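This report refers to the structure that appears directly beneath it.
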Amino acid sequence: MTKKRASLNPVALAAGATPADPAFQQLHSQIRELLTLARQQVRRSVNDAMVQTYWHVGRLIVEGEQGGQARAAYGERTLPLLAERLTVEFGKGFSAQSLWNFRQFHLEFPILSTAWRELSWSHYRLLMRVQDAAARRWYADEAAGQGWSVRALDRQIGTLYYERLLSSQDKAAVQAEAGALIQAHAAPDPRDFIRDPYVLEFLGAQPGAALYEKDVEQGLLDQLHKFLLELGKGFAFVARQRHLRVENEDCFIDLVFYNYVLKCFVLVDLKVGKLSHQDVGQMDMYVRVFDEQQRQAGDNPTLGLILSSERNEAVARYSLLADSEQLFASRYRLWLPTEDELKAELERDRALIEAARAGEGGA
């Protein structure tokens, strides 16, 4: 016999529910439980399909190698051709490097444990960096059993948690340190699942700016976008939240422009908070990777602009490749907005956005 849910009191709801009413709380709780369960089921279903599919793609590639083809020749000739055909049919996510990763996935995980069902493709990509098979299995077991996020797993691998635990005389201290790291990098918001670039690629969807931007940041980017285009100094809009994949890292550049006067790309990254040395290093990486992947013959070196919108303080930093010609380095200052202009724009926009939010809150 099917168990019935507790019925709600229609009189209490009809009388005008408030957040404190038991009937309203019960209704909210039931709907929340239903939506949470549905999202978990969808996530598990998509994740299972993606992981199993990539594993079987890897199996087919390995079996193709074993069909008499030399491995080096197979990878050099067949995978690029296969990648080209699959990309036309299924979109991004099937480059030659991706196919090679699927191959490695099958080789390093010849059997997929059902205990690892919660692990995503991003988890497995990190695990494939672990050379020792015993350590790889241990990290997989812990990540699945403890519910580690991808970031938490990356931290534990990076700090050699498994190796230190084996060699340490004080295992409790090592475990306590690892636990603190996990707390600092807790599981992400479940909504982040739909922002995962691997999931979007697998489903044939394109990541849009709205998937990654939030609140004040989105408002500031909207205004900066308009400001640079209206500046009248040669800016042409290229992309928003441009996805770059560097090894196992997924990066998103807030705004990308091309300046047809300077003949170069201009990358803009916004930090809602204090600018750090890590931010500068990250932009330097963005510039170098973008130059390597997108710069065409005749283009000048890519420029990177980092903006910090911390309250009462706005900082602008330009990043330029070290080997840029001095003539170009001097010329770009004539066409890009000055730090003072950018600071004034950030401070004005933030004040307007926060005033608008305060007005909505008081309405």
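Any read-out appearing in this document is the output of simple, stated calculations on the displayed coordinates, not a laboratory observation. Everything numeric here is computed off the predicted structure, so don't read it as measured data. Reconstructed Cβ throughout: ideal geometry from the backbone, glycine too, with neighbour counts over all protein chains shown.
State which entries of K271/K343; K92/K271; K226/K271; K233/K343 exceed 21 angstrom in Cα-Cα distance in the structure shown.
Values: K271/K343 13 Å; K92/K271 28 Å; K226/K271 18 Å; K233/K343 18 Å.
From K271/K343; K92/K271; K226/K271; K233/K343, over 21 Å: K92/K271.
Quickly work out the L37-to-K226 label distance, labels modelled 7 Å from Cα along the C-beta direction, and quote it in nm with one decimal.
4.6 nm
What FRET efficiency would be calculated for the residue pair Q278, D21, taking the C-beta separation as r and a Förster radius of 56 Å, to the nearest 0.05?
The formula returns an efficiency of 0.70 here.
Using 0.36 nm per residue of separation minus the Cα-Cα distance, give me the extension gain between L107 and E292 in nm, one decimal.
Numbers: separation 185, 0.36 × 185 = 66.60 nm, distance 3.05 nm.
Result for the pair: 63.6 nm of gain on full extension.
Give me the number: length gained by fully extending Q97 to L160, i.e. 0.36 nm times residue separation minus the C-alpha to C-alpha distance, one decimal in nm.
Extra length from Q97 to L160 when fully extended: 20.0 nm.
Taking 0.36 nm per residue of separation and subtracting the Cα-Cα distance, what length does fully extending E84 through R44 add?
This chain segment gains 11.4 nm when fully extended.
Between R117 and H56, what's the calculated FRET efficiency when r is the beta-carbon distance and R0 is 22 Å? Round to 0.05.
0.85
Please list 28-38, 278-288 highest first by mean number of surrounding beta-carbon atoms within 10 Å per residue. Numbers along the way, then the final one.
Working: 28-38: 10.7, 278-288: 16.6.
Highest-to-lowest ranking by the protection proxy: 278-288, 28-38.
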